[in-house]
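Novice: The structure is given below, and queries will be raised subsequently.
The values are calculated or read from the model by the stated rules, or taken from the named source; none is laboratory data. The structure presented is a predicted model; accordingly, all values stated were derived computationally and were not measured. Glycine gets a Cβ as well: all are built from the backbone with ideal geometry, and neighbour counts include every protein chain shown. Ligands, DNA and RNA are excluded from the accessible area calculation, which covers all protein heavy atoms including side chains. Shrake-Rupley method; radii C 1.70, N 1.55, O 1.52, S 1.80 Å.
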Amino acid sequence: MATKAIDLLFILGSFELRGRYQRSMSLIQALPEDAVKIRVLSATPPPSLAEKIGRNSIYVDPYLQVPILSRISARFTKREYLKNRPDLIDIQHRHMHQLGAWLAQEIETPYVLHLQDIPPADGQFEVDLRWCRRIITVSDSIRQQLLNQTGLPEELVSVVQNGVNIPREEDLQPILPEDRPPVIGTAGPLEKEKGLNHFLWAAKAILEKHPEVLFLIAGSGPEEKSLRQLAEELKISQSLTILPHLENFRQVFQAIDLFVLPELRQGSKLILLEAMAAGLPVVSSDIDGVAHIVDDGVTGLLVPAADVEELSSKLHELLIHRHQAREIGRLGRDHIRENFLASKMTESMLSIYQEILKTKQPPA
């Protein structure tokens, strides 16, 4: 007799080109249809999901992230889920936790919460232990910090590392070929904590030694204007391209030779995995969540966060020693293939779903 598919409701926020949303899309796309029936509640239309789960399984409500209106709006959506109750709710983003936990309580359905970082230590993060069956973090360091900060039961918090798909070998571009200028790039939301101002200062230092090098920043966000102004002040605008409003970063990885992650704090680091999967040599800030991905000097290079001198020095080293750069890219790609496949992430989450649903009733 075939096992009944899990009726799973994903709660998303608004579509953003950042790691946490790409992780959600990868998971939803990869879950096997015979094991999971997927429904999605989102503030904006999730791209590319209609073909996977059908438009009737996607409920879009633009007021889900609007203060005051979100709770009013949710009361209407609650009626639908009371009529057709899911087996489990998966809250994919921390900023949707309050709404998702409320819905779980209202329709008496257990939920899972994903955390790509540590919630602010301001007392606003409260977990409903009656209905929350698992909190998923992306690394051991985030898990341990969460346990230390909140005092939650250890068995409630599990680690499921990010996973990515590996591009085909024939789709990869040559790294640092001799017939064109090198391109150094980064990608992600244009926000202060991404450390992109340090990337631009490092670019200025590199151009003093390698005036032929080009730089690329892919992404959108509130810092775009200030980054363009800084590039003007540093007199590097002619060597810099900023590409906003992208739907994915695949083409970006094909256009660059060296990838930089200059972030200042921990996060999902999915963009780093994708760059390494594409065979790019990476230079990353040595922050929480990166050390378990990058073996310094082997699968990538690590530098102290906000250290412009060290960042430019490492990039200079790779530009000079191109064979070393290509070898780091190759080893990084192998490391991702062995340890961070999207299929492994999906298998882990499916196992957690099945384990949770073995116990139907919530704890007292």
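Novice: Among the residues of the range 253-269, are any farther than 22 Å from Q22 by Cβ and modelled with pLDDT of 90 or more?
Specialist: Kept after step one, since they are farther than 22 Å from Q22 by Cβ, are these residues of the range 253-269: 257.
Keeping just the survivors that are modelled with pLDDT of 90 or more gives 257.
Yes, the range 253-269 contains at least one residue that is farther than 22 Å from Q22 by Cβ and modelled with pLDDT of 90 or more.
Novice: Those residues that are small (G, A, S), touching a residue at least 60 places away in the same chain (Cβ under 8 Å) and over 27 Å from D179 (Cα atoms), I need them from the range 192-233; list them, please.
Specialist: G195, G219, S220
Novice: So in the range 181-221, with the set limited to residues that are more than 19 Å from A275 (Cβ to Cβ) and part of a loop (DSSP other than H, G, I, E, B), which one is least open to solvent (accessible area, probe 1.4 Å)?
Specialist: H210
Novice: Might you let me know whether the range 160-171 holds any residue that is more than 30 Å from L319 (Cα to Cα) and either surrounded by 12 or more Cβ atoms within 10 Å (Cβ to Cβ) or of a type outside the set (A, V, I, L, M) (or both)?
Specialist: yes
Novice: For the range 316-364, what are the residues that are open to solvent by 20 Å² or more (accessible area, probe 1.4 Å) and not in a helix (DSSP H, G or I)? Before the answer, list the steps.
Specialist: Step one: filter the range 316-364 for residues open to solvent by 20 Å² or more (accessible area, probe 1.4 Å), giving 316-317, 320-324, 326-327, 330-331, 334-335, 337-339, 341, 343-344, 347-348, 350-351, 354-355, 357-364.
H321, L341, L357, K358, T359, K360, Q361, P362, P363, A364, listed by residue number.
Novice: Follow-up question, since we're still on this one. Applying the selection to the range 19-37, what residues are surrounded by 14 or more Cβ atoms within 10 Å (Cβ to Cβ) and closer than 16 Å to S351 by Cα?
Specialist: Let us first name the residues in the range 19-37 that are surrounded by 14 or more Cβ atoms within 10 Å (Cβ to Cβ), namely 19-31, 35-37.
Listed by number, the residues that qualify are L27, I28, A30, L31, A35, V36, K37.
Novice: Kindly list, by first and then second residue, each pair from a residue in the range 128-156 that is of a type outside the set (K, R) to a residue that is open to solvent by 70 Å² or more (accessible area, probe 1.4 Å) and not in a helix (DSSP H, G or I), limited to pairs with Cβ atoms under 6 Å and residues at least 6 apart or on different chains.
Specialist: Here the result reads S141/D288; Q149/A121, each pair linking the range 128-156 to a residue that is open to solvent by 70 Å² or more (accessible area, probe 1.4 Å) and not in a helix (DSSP H, G or I).
Novice: Also: Working carefully through the options L49, L8, find the one that is modelled with pLDDT of 90 or more and either open to solvent by less than 10 Å² (accessible area, probe 1.4 Å) or under 18 Å from the mean Cα position of the chain (by Cα) (or both).
Specialist: Residue meeting the stated conditions: L8.
Novice: Further, regarding this structure: Can you report the number of residues in the range 106-115 which are within 15 Å of R79 (Cβ to Cβ) and either open to solvent by 10 Å² or more (accessible area, probe 1.4 Å) or in contact with an Asp or Glu (Cβ under 7 Å, 6 or more places away or on another chain) (or both)?
Specialist: Qualifying residue count, the range 106-115: 2.
Novice: When you scan the range 141-154, do you find a residue that is among the polar types (S, T, N, Q), touching a Phe, Trp or Tyr at 6+ places or on another chain (Cβ under 8 Å), surrounded by fewer than 20 Cβ atoms within 10 Å (Cβ to Cβ) and modelled with pLDDT under 95, even just one? Steps first, answer last, please.
Specialist: So in the range 141-154, the residues among the polar types (S, T, N, Q) come out as 141, 144-145, 148-150.
Of the ones still in play, those that are also touching a Phe, Trp or Tyr at 6+ places or on another chain (Cβ under 8 Å) are 150.
Next, from what is left, pick out any that are surrounded by fewer than 20 Cβ atoms within 10 Å (Cβ to Cβ): 150.
In the following step, the residues that additionally are modelled with pLDDT under 95 were identified as 150.
Taking every residue of the range 141-154 in turn, at least one turns out to be among the polar types (S, T, N, Q), touching a Phe, Trp or Tyr at 6+ places or on another chain (Cβ under 8 Å), surrounded by fewer than 20 Cβ atoms within 10 Å (Cβ to Cβ) and modelled with pLDDT under 95.
Novice: Something else now. Can you tell me which of S239, S284 is open to solvent by less than 70 Å² (accessible area, probe 1.4 Å), of a type in the set (S, T, N, Q) and under 20 Å from the mean Cα position of the chain (by Cα)?
Specialist: Testing whether each residue is open to solvent by less than 70 Å² (accessible area, probe 1.4 Å), of a type in the set (S, T, N, Q) and under 20 Å from the mean Cα position of the chain (by Cα) leaves just S284.
Novice: Moving to a separate point now. Looking at E263, E224, which is the one that is more than 24 Å from S313 (Cβ to Cβ) and open to solvent by less than 60 Å² (accessible area, probe 1.4 Å)?
Specialist: Within the list E263, E224, the selection yields E224.
Novice: Go through the residues of the range 269-278 one by one and say whether even a single one is buried (at least 23 other Cβ atoms within 10 Å of the Cβ), within 20 Å of Q144 (Cβ to Cβ) and touching a residue at least 12 places away in the same chain (Cβ under 8 Å).
Specialist: Checked against the condition, which is being buried (at least 23 other Cβ atoms within 10 Å of the Cβ), within 20 Å of Q144 (Cβ to Cβ) and touching a residue at least 12 places away in the same chain (Cβ under 8 Å), the range 269-278 yields at least one hit.
Novice: Residues A291, A306, A278: which one is of a type in the set (A, V, I, L, M, F, W, C) and at positive phi?
Specialist: A306
Novice: Right, here's the next one. Specify the residue that is nearest to the chain's Cα centre (by Cα); the eligible residues are those in the range 76-102 that are crowded, with 19+ Cβ neighbours inside 10 Å, modelled with pLDDT of 90 or more and not small (G, A, S).
Specialist: If we take residues in the range 76-102 being crowded, with 19+ Cβ neighbours inside 10 Å, modelled with pLDDT of 90 or more and not small (G, A, S), then Q92 is nearest to the chain's Cα centre (by Cα).
Novice: In the range 220-239, is there at least one residue being under 23 Å from S26 (Cα atoms) and modelled with pLDDT under 95?
Specialist: yes
Novice: Can you pull out the residues in the range 290-315 that are in a loop (DSSP other than H, G, I, E, B), open to solvent by 10 Å² or more (accessible area, probe 1.4 Å) and in contact with a Ser or Thr (Cβ under 9 Å, 6 or more places away or on another chain)?
Specialist: Within the range 290-315, A291, H292, P304, A305, A306, D307 meet the criteria.
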